[in-house]
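Have a look at the structure below, then the notes.
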Amino acid sequence: METTFLFYDIETTGLNRAFDQVLQFAAIRTDRRLNEINRHDIKVRLRPDVVPSPAAILTNRISISAFSSGLCEYEATVQIHRLMNQDNTISLGYNSLGFDDEFLRFAFHRNLLPPYTHQYKNGCGRMDLFPMTIIYWLYKREVLTWPEIDGKPSLKLEHLGSANHLAAGQAHDALVDVETTLELARRFFKKKKTWDYLEGYFDKETDLHRTGELPIVFQSAGGDHRKALMVAGEYGSGQNYQVPVISIANSIPYPNQSLWLRLDLPELQQTTVESIAETTWVVRKRFGEPGILLPPHNRYWQRLGEERRAICKNNIQWLQQNPELFQQIIKYYQQFRYPFVPDLDPDASLYQIGFYSRDDEKRCRAFHRASPKKKARLVDEFSSPDARALARRALCRNFPTHAPESFHREFSDYLQRVNPLKSEDAIIDYRQNRRTTPAQAIAEITKLKQAGELSSDRRRLLDDLEAYIRSRFS
């Protein structure tokens with residue numbers, strides 16, 4: 001089967017990957033030359049436990065009345081998973097690896113679907129148009145009109161779309177954003193040599209091979225240290241979206257992460273054994289994923305500016321002159337582990353629980369094949385406590401009439417934790433961020449209204465959202 005691209009976008013109830021949900025998923029599948037094959041627009045009903053973010057609702061403009069229509073989350077997520085896991089599918093969007101992909105990964109986890117297979121299985125893979133856009137902005141500017149907002153360059157999709165008339169319709173509608181993303185890709189595709197080169201950065205083996213060809217700037221007891229430019233959106237236009245780095249090691253607890261020390265920070269030379277976490281900055285890079293590592297050719301290196309190049313040169317010399325401290329820096333990042341969160345909610349446990357056993361993977365497949373009524377009978381067969389909890393929640397959230405009374409009692413207890421009396425008692429996620437509570441959402445709505453400058457349509461969205469939250473979470 002020929003490889004196809006699946007351009008996609010999502011609109012969500014908020015930014016929390018573990019607790020928010022997709023409200024709209026849109027996708028356009030194309031062939032390798034970006035000719036459209038088919039398109040999809042999936043609307044999703046609001047889960048009974050979700051507290052929508054007022055800011056998100058103002059952005060995507062999805063009304064409360066729209067919340068009540070569409071597929072339930074379970075059915076929608078099964079469809080999305082099937083689209084992204086079709087053989088030889090490369091899924092991509094605009095900043096999709098910075099947000100959408102992880103958001104969907106948690107949706108798959110929450111609904112007992114394999115969360116990673118769309119990344120590697122049956123010829124599937126992922127790309128992201130945002131870091132590619134940065135490279136075109138840096139080195140192939142003739143392909144687009146590049147917008148400026150308040151005197152600063154903007155690579156936001158809505159601004160690129162407007163400046164270049166890429167698609168018609170309201171920004172932050174998922175299907176309009178997909179059309180914009182696809183048309184942007186077609187503009188880039190005209191520079192086919194650049195497109196093909198950048199596509200290689202999303203192939204693990206190609207990315208790994210290119211990294212192995214980066215120049216070794218010096219060696220230490222920790223091995224070879226290669227120099228590169230790390231390109232990523234997080235660095236901003238003020239730094240030309242790139243920072244100089246050297247490789248220092250691979251993570252021990254997370255072997256798929258390579259570690260790159262940033263070289264353009266003056267405070268690096270103030271580092272002591274006690275201050276490593278405060279005065280050094282290491283980028284964790286997975287091969288085949290952003291950021292993009294460019295070789296330090298002069299035409300690229302010049303983009304750093306004279307001051308940053310000088311800091312970089314001095315920092316390399318300082319590292320060579322302080323080999324013992326450098327090894328302490330390497331050791332700190334090599335051995336670093338993300339903190340363990342005790343009693344982590346099952347919705348947020350994806351990274352902490354690891355992979356299910358082979359038997360539980362089979363039980364997940366059986367759960368999906370079963371009718372809603374039969375799903376309830378399979379729940380207690382899971383050996384994983386998280387899988388059992390997620391299966392019970394899936395029934396209460398999506399098929400409440402088929403959930404036994406004992407499931408509803410447990411779900412009712414969970415809803416009480418969603419709506420705590422004190423904000424400090426809110427459920428936390430894998431990053432120890434608190435779940436938005438109904439009281440916090442109401443407070444945010446009040447603040448937005450008091451700030452003024454709201455159109456009648458935007459005020460109506462907030463009024464309806466407030467009424468929903470007050471009635472749903474009394």
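The values are calculated or read from the model by the stated rules, or taken from the named source; none is laboratory data. None of the values given here were measured: they were computed from a predicted structure. Reconstructed Cβ throughout: ideal geometry from the backbone, glycine too, with neighbour counts over all protein chains shown.
Every condition in (1) under 30 Å from Leu15 (Cβ atoms); (2) touching a Ser or Thr at 6+ places or on another chain (Cβ under 8 Å) holds for Ser357 except the one numbered (1).
Look at the stretch 107-131: where a residue is closer than 13 Å to Leu83 by Cα, no partner that is in a helix (DSSP H, G or I) and at pLDDT below 95 sits 6+ places away or on another chain with Cβ atoms under 6 Å. If the condition is being over 30 Å from Gly93 (Cβ atoms) and free of Cβ contacts under 8 Å to residues at least 12 places away in the same chain, then the stretch 266-304 contributes Gln270, Glu274, Ser275, Glu278, Asn298, Gln302. Residues in the stretch 398-422 that are assigned to a helix (DSSP H, G or I), under 31 Å from the mean Cα position of the chain (by Cα) and either over 17 Å from Ile469 (Cα atoms) or not assigned by TED's automatic domain parsing to the domain that holds Lys375 (or both): Asn398, Pro400, Glu410, Phe411, Asp413. When the strands (runs of 3 or more DSSP E) confined to the stretch 1-91 are screened for residues that are of a type in the set (Lys, Arg) and farther than 30 Å from Pro346 by Cβ, those reaching at least 1 such residues are found at 22-30, 36-43. Of all residues in the stretch 52-72, those satisfying the criterion of being buried (at least 16 other Cβ atoms within 10 Å of the Cβ) and closer than 16 Å to Asn16 by Cα are Pro52, Ser53, Pro54, Ala56, Ile57, Asn60. Determine if the stretch 177-189 includes at least one residue that is out of contact with any helix residue (DSSP H, G or I) (no Cβ under 8 Å at 6 or more places or on another chain), of a type in the set (Phe, Trp, Tyr) and in a helix (DSSP H, G or I). Looking through the stretch 177-189, none of the residues is out of contact with any helix residue (DSSP H, G or I) (no Cβ under 8 Å at 6 or more places or on another chain), of a type in the set (Phe, Trp, Tyr) and in a helix (DSSP H, G or I).
Taken across the stretch 212-234, residues that are part of a helix (DSSP H, G or I), without any contact (Cβ under 8 Å) to a residue 12 or more places away in the chain and polar (S, T, N, Q) do not occur at all.
How many residues does the stretch 119-173 contain that are of a type in the set (S, T, N, Q), touching a Lys or Arg at 6+ places or on another chain (Cβ under 8 Å) and surrounded by fewer than 17 Cβ atoms within 10 Å (Cβ to Cβ)?
1
Among the residues that make up the stretch 148-157, is at least one of them closer than 22 Å to Thr30 by Cα, out of contact with any Asp or Glu (no Cβ under 7 Å at 6 or more places or on another chain) and assigned to a loop (DSSP other than H, G, I, E, B)? Scanning the stretch 148-157, I find no residue that is closer than 22 Å to Thr30 by Cα, out of contact with any Asp or Glu (no Cβ under 7 Å at 6 or more places or on another chain) and assigned to a loop (DSSP other than H, G, I, E, B), so the answer is no. Could you please let me know if Ser247 is under 23 Å from the mean Cα position of the chain (by Cα) and outside the structural domain of Ser91 (by TED's automatic domain parsing)? Answer is no for this residue. Here Glu267 clears all of (1) closer than 23 Å to Asn322 by Cβ; (2) surrounded by fewer than 18 Cβ atoms within 10 Å (Cβ to Cβ); (3) out of contact with any helix residue (DSSP H, G or I) (no Cβ under 6 Å at 6 or more places or on another chain) except the condition numbered (3). Pairing residues of the stretch 342-353 that are under 18 Å from Leu104 (Cα atoms) with residues that are β-branched (Val, Ile, Thr), at Cβ distances under 7 Å and at least 6 apart in sequence or on separate chains, gives Asp345/Ile427; Gln352/Val341.
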